Amino acid sequence: MDTPATLTFSKLACSKGGRLLFKDVDCTLAAGHWLYIAGANGVGKTSLLRMVCGLAPVEAGQILWNHTPIGAQHDSYRQDLCYLGHLNALQESMSVQENLMFTSALGGIALDVQKAKSVLERFGLRGRSQQLVRHLSQGQKRRVALSRLALSTARLWVLDEPYVAMDEAGIQMLSDLIATHLDHGGLAVLTSHQRVPVGTHTAQLLELKAP
Amino acid sequence: MKTSVTHWFKFASPQNFYHLAGKLWPWFAALATVLCAIGLWIGFFVAPVDAQQGQGYRIIFVHVPASQMSMFIYLVMAAWAGIGLAFNTRLSGMVASALAPTGALFAFLSLLTGALWGKPMWGAWWVWDARLTSTLILLFLYLGFMALHASIDDPRRADRASAVLALVGAVNVPIIYFSVKWWNTLHQGASVSLKGSSMASTMLTGMLVMVVAFWMYAIAIALFRVRNIILDRERHTEWVKHAVA
Amino acid sequence: MTPTPNILGAGSVMLAVLKREVALGLRQKGEVLTPLVFFMVIASLFPLGVGAESGLLLRMAPGVLWVSALLAAMLSLQRMFATDYADGSLEQMVLSPTPLGLLVLAKALAHFLLSGVPLVLMAPVLGLQFGLDSRALGILMLTLLLGTPTLSLIGSIGAALTLGVRGAGVLLSLLILPLYIPVLIFGAGAVEADAAGLGFGGHVSLLSALLVLSLFFSPFATAAALRISLE
């Protein structure tokens, strides 16, 4: 593995609809650690996550991946990034396997079908790889989205309320997944209304407040 | 040298531009009125009667300048929109939005005067002349720009989306113009113009004066309009609350 | 360690997008067939509106068929991005290391295959209703074959700009119909020019030029518009 990655926020500010949500946010996250973003509803947690992905514009300040601004990195940054938002990014009319093949291809890797089957089995979706996503329950769809995470080779995981609509078993699976990811030198940034422990890794806390 | 550049950059802030525009627009409005008066006087009283078309041709003094301004304003609007996209400045998008209605108005004026000219000439209120048709399409492009902007709630996203549209439109304007000309010549269409008669120098002077008059008007009204847009967009800030109080 | 995508990698990703779009289109046949039926209906409205006098029909055939094809192609533009926007797949495409412009190109190509090609194949059948001879039908098909990809490419810009916007369908039409006009003029004009003995070569070259131009420039505009819509 090459040099450990770092994610840095430098004097970050965000505005939405003309209103300033937060400003002067500084933070450094090292490899093997995870960042828990806390704050009241509407303070801008999702906006911050989307800024990290490069989906939302930055009002002021910079986001640095390995000490280089993400704006300057384009493709190589996105190679290292895996985002799980509120939406599952699953096409209802296609099967679980077809969906995983597609999202894998988007990430630049061909899907290893055997590995996919074992990941699905781990998430309690054994034998469902040919089933259309439309026929799955809400919780099962969420687990398919998590499988995407498990199959990704990205070093930075950005998760927006990943525990929503999950039962206890699912929550445990996810937190184990994140723990393994961190053990291998990955980084994770997440928001959640539930404080779920991730293995033995203590969270680095970032509290967002309105200015 | 450096100080003068930074001096101009200070006007990129909406607040400073608001005050600058407030001082400038009455001057442009005055210039526009004076030049318009001169231009129309030349057009309607000084310029000689045309050999082929008699008095009716005089509408050219409004029709051609309006037509040219509508095209010119579209390019200026697209340029401001492009600057806003490239440098992420808020003011550029506001200026582009301020220009659009005026450009549309000139396009409409050009079509209206074209019809007024065409009626005595061809007996019809509309002819599928190359310039008229291109101006009609330009009007659609303006309306599309304004419609897109109006339908997006977030002003920042609205500015950026309509900026992309304006740039795509600007690239297409020459293509559309060329294709319409091709279409018109193939179909031996009617032409609303002074073809076949030479232009007396007074006619040219008159049209030039009107072009400049319209230009001054466009600047004046755009400055005026952009002030209102600034007030609306920046209404959360302190200086606007003071200014409006 | 994942290798950075090389040119071949980008091609495979584009192929994956293309295959997915086509597979979805084939599964949701209704969505693909409706514009085709629309094409037939609009083309049939004209004789009903202006009378079935054969000379008149023959003269207006290329224009009518081209306008009908254009409107039908436009009908299906919204599905290019709307479903993916709604379920979050579009975000994943924007976040892909493969350049977004290439993915957009793949989507526009899929749109052409699913909507343009059926129109090209249906056109001669309708052309017969208007009394066009086989030479004219051939020219018509050629112009549609060259023109419909351009319509898909230019249309993708409009589809991207109006994502998630109120009244997107009608607004999309207002935005791109002016941009479609050059394609319409050269496409419809070819048959008439040939009938007048001027040959259709000029029109075909111009259509090809428009296609090449839109191949190069529209992916940029569409990608920019998509990013703006996702902000």
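The values are calculated or read from the model by the stated rules, or taken from the named source; none is laboratory data. Note that this is a predicted model, so its numbers are computed, not measured. For neighbour counting, all protein chains shown are included, and Cβ atoms are generated from backbone atoms with ideal geometry for every residue, glycine included.
Scanning for something under 18 Å from A:Leu29 (Cα atoms), within 7 Å of chain C (Cβ to nearest Cβ) and not in a strand (DSSP E or B), does region A:69-80 turn up at least one residue? Yes, because at least one residue in region A:69-80 is under 18 Å from A:Leu29 (Cα atoms), within 7 Å of chain C (Cβ to nearest Cβ) and not in a strand (DSSP E or B).
For region B:23-79, residues that are surrounded by fewer than 20 Cβ atoms within 10 Å (Cβ to Cβ), free of Cβ contacts under 8 Å to residues at least 40 places away in the same chain and over 23 Å from B:Arg227 (Cβ atoms) total 7.
Given the conditions (1) more than 9 Å from chain C (Cβ to nearest Cβ); (2) assigned to a helix (DSSP H, G or I); (3) hydrophobic (A, V, I, L, M, F, W, C), report the number of the one that A:Ile63 does not fulfil. The one condition A:Ile63 does not meet is (2).
Taken over region C:203-231, the criterion of being within 11 Å of chain B (Cβ to nearest Cβ), closer than 20 Å to B:Leu186 by Cα and out of contact with any helix residue (DSSP H, G or I) (no Cβ under 7 Å at 6 or more places or on another chain) is satisfied by C:Ala209 alone. So, of the residues in region A:134-162 that are assigned to a loop (DSSP other than H, G, I, E, B) and surrounded by fewer than 18 Cβ atoms within 10 Å (Cβ to Cβ), which turns out to be modelled with the lowest pLDDT? By that ranking, first place goes to A:Thr153. Put simply, of A:Ala179, A:Ala210 the only residue that is outside any loop (DSSP other than H, G, I, E, B) and among the aliphatic types (A, V, I, L, M) is A:Ala179. Out of B:Trp125, B:Trp80, one residue alone is assigned to a helix (DSSP H, G or I), away from chain C (no Cβ under 14 Å) and within 30 Å of B:Ala37 (Cβ to Cβ). It is B:Trp80. For region C:146-160, filtered to residues that are under 14 Å from B:Asn172 (Cβ atoms) and of a type in the set (A, V, I, L, M), the residue that is farthest from the other protein chains (Cβ to nearest Cβ) is C:Leu151.
Filter region A:116-162 down to the residues that are of a type in the set (Ser, Thr, Tyr), without any contact (Cβ under 8 Å) to a residue 60 or more places away in the chain and out of contact with any Lys or Arg (no Cβ under 9 Å at 6 or more places or on another chain) and list them by number. Result: A:Ser118, A:Ser137, A:Thr153. Test C:Val165 against the criterion of being facing chain B (nearest Cβ under 9 Å) and crowded, with 24+ Cβ neighbours inside 10 Å, and give yes or no. When the stated conditions are applied, C:Val165 does not pass them.
Of all residues in region A:108-144, those being within 10 Å of chain C (Cβ to nearest Cβ) and in contact with a strand residue (DSSP E or B) (Cβ under 6 Å, 6 or more places away or on another chain) number 1. Residues in region A:91-107 that are in contact (Cβ under 8 Å) with a residue 12 or more places away in the chain, facing chain C (nearest Cβ under 8 Å) and either buried (at least 24 other Cβ atoms within 10 Å of the Cβ) or among the aromatic types (Phe, Trp, Tyr) (or both): A:Thr103, A:Gly107.
Residue count for region B:162-185, restricted to those that are touching a Ser or Thr at 6+ places or on another chain (Cβ under 9 Å), aromatic (Phe, Trp, Tyr) and facing another protein chain (nearest Cβ under 8 Å): 1.
What do you reckon, is C:Thr222 crowded, with 24+ Cβ neighbours inside 10 Å and in contact with a Leu (Cβ under 6 Å, 6 or more places away or on another chain)? When the stated conditions are applied, C:Thr222 does not pass them. All conditions in (1) within 12 Å of chain C (Cβ to nearest Cβ); (2) in a loop (DSSP other than H, G, I, E, B) hold for A:Ser47, with the sole exception of (2).
From the list C:Val170, C:Val191, C:Val183, the one residue that fits, being without any contact (Cβ under 8 Å) to a residue 40 or more places away in the chain and more than 7 Å from chain B (Cβ to nearest Cβ), is C:Val170. Taking B:Gly103, is it surrounded by fewer than 20 Cβ atoms within 10 Å (Cβ to Cβ) and either touching a residue at least 40 places away in the same chain (Cβ under 8 Å) or part of a helix (DSSP H, G or I) (or both)? Considered against the rule, which asks whether it is surrounded by fewer than 20 Cβ atoms within 10 Å (Cβ to Cβ) and either touching a residue at least 40 places away in the same chain (Cβ under 8 Å) or part of a helix (DSSP H, G or I) (or both), B:Gly103 comes out as no. In this structure, is A:Asp75 under 23 Å from A:Gly185 (Cβ atoms), in the same structural domain as A:Leu190 (by TED's automatic domain parsing) and surrounded by fewer than 16 Cβ atoms within 10 Å (Cβ to Cβ)? It is true that A:Asp75 is under 23 Å from A:Gly185 (Cβ atoms), in the same structural domain as A:Leu190 (by TED's automatic domain parsing) and surrounded by fewer than 16 Cβ atoms within 10 Å (Cβ to Cβ).
Scanning for something away from chain A (no Cβ under 14 Å) and hydrophobic (A, V, I, L, M, F, W, C), does region C:16-36 turn up at least one residue? Looking through region C:16-36, at least one residue is away from chain A (no Cβ under 14 Å) and hydrophobic (A, V, I, L, M, F, W, C). Within the option set C:Gly63, C:Gly51, being surrounded by fewer than 17 Cβ atoms within 10 Å (Cβ to Cβ) and either farther than 30 Å from A:Leu84 by Cβ or in contact (Cβ under 8 Å) with a residue 24 or more places away in the chain (or both) holds for one residue only, C:Gly51. The single residue among C:Leu90, C:Leu71 that is of a type in the set (A, V, I, L, M), within 14 Å of chain A (Cβ to nearest Cβ) and in a helix (DSSP H, G or I) turns out to be C:Leu90.
Regarding A:Ala116, is this residue modelled with pLDDT under 90 and part of a helix (DSSP H, G or I)? The answer is yes for A:Ala116. Only one entry in C:Ala86, C:Ala82, C:Ala72, C:Ala108 is modelled with pLDDT under 95, among the small types (Gly, Ala, Ser) and buried (at least 24 other Cβ atoms within 10 Å of the Cβ), namely C:Ala72.
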